[in-house]
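Asker: The structure that follows is given in the form of structure tokens.
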There are 2 protein chains.
Amino acid sequence: MRIAIIGLGLIGGSWALALKEWAKSEERRPSGIEVVGFDAKGTQRAEANKRKIVDHIYATPMEAVKGAQVVIVATPVMAVRETFEDIAAHLEKGAIVTDVCSTKRQVMRWAKELLPDNVSFVGGHPMAGKTAGLEEAEAKLFQDCTYCLIPAPNARQEAIESVVRLVEIAGAKAHFIDADEHDSYVAAISHLPYLTATSLVNLSFESDGWKEISRVAGTGFQDTTRLADGSVQMWLDICRTNNDALISWIDRYQQMLSRVRHMLELAGLQDERGRSRPAEETEPEPLRAFLENAREGRTQLFQNKRKFQLESNFVDSSMPDSKEMKANIGRMFVGGMLKKPKKDEDSKS
Amino acid sequence: MRIAIIGLGLIGGSWALALKEWAKSEERRPSGIEVVGFDAKGTQRAEANKRKIVDHIYATPMEAVKGAQVVIVATPVMAVRETFEDIAAHLEKGAIVTDVCSTKRQVMRWAKELLPDNVSFVGGHPMAGKTAGLEEAEAKLFQDCTYCLIPAPNARQEAIESVVRLVEIAGAKAHFIDADEHDSYVAAISHLPYLTATSLVNLSFESDGWKEISRVAGTGFQDTTRLADGSVQMWLDICRTNNDALISWIDRYQQMLSRVRHMLELAGLQDERGRSRPAEETEPEPLRAFLENAREGRTQLFQNKRKFQLESNFVDSSMPDSKEMKANIGRMFVGGMLKKPKKDEDSKS
């Protein structure tokens, strides 16, 4: 079976490594899994070759997808449209196409508009990442992460099952979600934090005290603004394809900051002119409750995540037709190569 | 020499461990350095005892400071006032008092108001920290961090020099700064990031999609909101004693978010009703420049910090009377215990 990866950055490279490691550890037939790839940048292709990220690198996306049963598009969001246009006529009939982009509405629209009806598109988004490129790609990148999946309306059931199986192979946890909900939720939990991080940096960077301020920066600032160090091209594409959801969250965030501002006025020991006022005249409780709420929220968030990770993929209530899929779990997937190995079967083959 | 530490949390505990390690490694005279302590919480005192954080723990701050040449106040900011009131009558004549609080204007006011004239107060603030308490205290916590110092107008020159020496002993880099500037700069680089982190958490926590949102949270959110996990009491005190500087930065931050919002409108592929619009009609360049600026700012910030760390303490142009201090570097500090060891001298003693 051939799997083609278009775009060999952190995510594409990690997909390739995860698949190759799985193929090795599961003692597949020698002729089994072949992972091929393409990247628009020559330097990236050279690095992928050097590190043997894929079995073969092609000079065009058209050649890479030829004969591939599965195609993983791992480019920045705005490059997906052109990639779909390029590969559409070269995809195998019945091929499975998926992507890894951080926003899903535009990608689903482009898939509907540009890909042939005889391929199954299943949008994907791994909630994993680092502020790095191919150099930090690793087979374990997706281990235990939530992997959002949005099947196109015309995607075949076996194709969806195959993508779930691939996600399991990568060590991640499939999570079916609607494209609108996905884009809104990741705006709150990922894209807005990126914009608050870049804004925090620019606020100090543009201020008169910049040089002095940078002397007193500690690890807190480093962590809070880590996202600002990410690929500008990738994040710009995310912002452009999720602008409306982001604007809606920015409006709510601004309202919350105004609440915080008011609570600071109530709680503070300095009046508006910077003069001391007695602690007895201040009202710290609303601010205390707000800060305690955030601490509690963060604790719950990571508890929820862990709980979710412990659930089995196939009891996930969000999965479409989960009963049918549960029954199908032992069935042959694409080319028979992705099925879960059974020991006695393996010894016979 | 006796050093008393009032408040045995992460910072107080780390000071104690750093001093004890130094005393050991420098092969001080057996009777040399004695580190004693106090904490208002019985559980904290018990833990400090168990881990041998200090040589002796007292049940009151008054007993702890008795006979101490150096007193380090490491309580939350709002407890400093009461601590000063408690210890004022029990301090040795000529003692050096310093603190570790994250805001400095109120502390300097309280020191002036409450401490006797015959002690030297040197306000301090290490730009180091973790989201943890005494359990993570370590001798190396201050290694390479910027350590802000604000001497009171009546602090003696030798007292200031002794505090600089202590900061060096802890592995940190002394940085003299004005209290107003300090409070404004740390508001931008530390306290505002804390409030943006708590606001980001509460924004999702208070939203209807909370449960779904927590499923898609990744490492980016975890890092961006790490500060929200800190001690609410500590941060509330910081907010209350730095409310005016914080409000001024929040106002500027809100203006910046409004700029970001406008740039999203220009760059986005969705119009205000969520309908697709052609890429050719969008204007992504202002947003790209903003994001690139943040990336550049963050790079420069850490370059500036490293450059600053490489400078010698005693050529720091911000130090008061730096020429005089440079000449005095070899002089005897408090009790002769803090001077830099010279090998041939040591072998004679």
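The values are calculated or read from the model by the stated rules, or taken from the named source; none is laboratory data. For clarity, every value in this text was computed on a predicted model and none was experimentally measured. FYI the Cβ positions are ideal-geometry reconstructions off the backbone, even for glycines, and counts take in every protein chain you see. Areas reflect the complete protein model, heavy atoms only, side chains present, ligands, DNA and RNA absent. Shrake-Rupley method; radii C 1.70, N 1.55, O 1.52, S 1.80 Å.
Asker: Under 9 Å between Cβ atoms, which residue pairs at least 6 apart in sequence (or on different chains) link something in the stretch A:291-303 that is at the interface with chain B (Cβ under 7 Å from one of its Cβ atoms) with a partner that is in a helix (DSSP H, G or I) and surrounded by fewer than 15 Cβ atoms within 10 Å (Cβ to Cβ)?
Answerer: Correct list of pairs: empty, since none qualify.
Asker: Looking at this structure, is A:Arg156 over 27 Å from B:Pro278 (Cα atoms) and at the interface with chain B (Cβ under 8 Å from one of its Cβ atoms)?
Answerer: So A:Arg156 does not fit the description; no.
Asker: Something else: Quick one: is B:Ala279 under 30 Å from B:Ala132 (Cβ atoms), out of contact with any Cys (no Cβ under 8 Å at 6 or more places or on another chain) and aliphatic (A, V, I, L, M)?
Answerer: No, not satisfied.
Asker: Hey, among the residues in the stretch A:239-264 that are facing chain B (nearest Cβ under 7 Å) and open to solvent by 40 Å² or more (accessible area, probe 1.4 Å), which one's farthest from the chain's Cα centre (by Cα)?
Answerer: Among those residues, the one meeting the criterion is A:Arg261.
Asker: Considering only the stretch B:113-127, I want to know if a residue exists there that is assigned to a loop (DSSP other than H, G, I, E, B), in contact with a helix residue (DSSP H, G or I) (Cβ under 9 Å, 6 or more places away or on another chain), open to solvent by less than 10 Å² (accessible area, probe 1.4 Å) and at pLDDT 95 or above.
Answerer: Looking through the stretch B:113-127, at least one residue is assigned to a loop (DSSP other than H, G, I, E, B), in contact with a helix residue (DSSP H, G or I) (Cβ under 9 Å, 6 or more places away or on another chain), open to solvent by less than 10 Å² (accessible area, probe 1.4 Å) and at pLDDT 95 or above.
Asker: In addition: Please tell me if A:Gly133 is out of contact with any strand residue (DSSP E or B) (no Cβ under 8 Å at 6 or more places or on another chain), in contact (Cβ under 8 Å) with a residue 40 or more places away in the chain, open to solvent by 10 Å² or more (accessible area, probe 1.4 Å) and more than 10 Å from chain B (Cβ to nearest Cβ).
Answerer: For A:Gly133, the condition - out of contact with any strand residue (DSSP E or B) (no Cβ under 8 Å at 6 or more places or on another chain), in contact (Cβ under 8 Å) with a residue 40 or more places away in the chain, open to solvent by 10 Å² or more (accessible area, probe 1.4 Å) and more than 10 Å from chain B (Cβ to nearest Cβ) - is met.
Asker: Hey, among the residues in the stretch A:152-170 that are among the aliphatic types (A, V, I, L, M) and not in a loop (DSSP other than H, G, I, E, B), which one's farthest from B:Arg215 (Cα to Cα)?
Answerer: Out of the qualifying residues, it is A:Ala159.
Asker: Which residue out of B:Leu149, B:Leu227 is crowded, with 19+ Cβ neighbours inside 10 Å, in contact (Cβ under 8 Å) with a residue 60 or more places away in the chain and outside any loop (DSSP other than H, G, I, E, B)?
Answerer: B:Leu227
Asker: Quick one: in the stretch A:33-74, which of the residues that are of a type in the set (S, T, N, Q) and touching a residue at least 60 places away in the same chain (Cβ under 8 Å) is least open to solvent (accessible area, probe 1.4 Å)?
Answerer: Per the stated criteria, the residue is A:Gln44.
Asker: Among the residues that make up the stretch B:83-98, is at least one of them closer than 17 Å to B:Gly7 by Cα, polar (S, T, N, Q) and open to solvent by less than 30 Å² (accessible area, probe 1.4 Å)?
Answerer: Checking the stretch B:83-98: at least one residue is closer than 17 Å to B:Gly7 by Cα, polar (S, T, N, Q) and open to solvent by less than 30 Å² (accessible area, probe 1.4 Å).
Asker: Let me ask another. So for the stretch A:181-198 (the condition being within 14 Å of chain B (Cβ to nearest Cβ) and surrounded by fewer than 21 Cβ atoms within 10 Å (Cβ to Cβ)), does at least one residue qualify?
Answerer: yes
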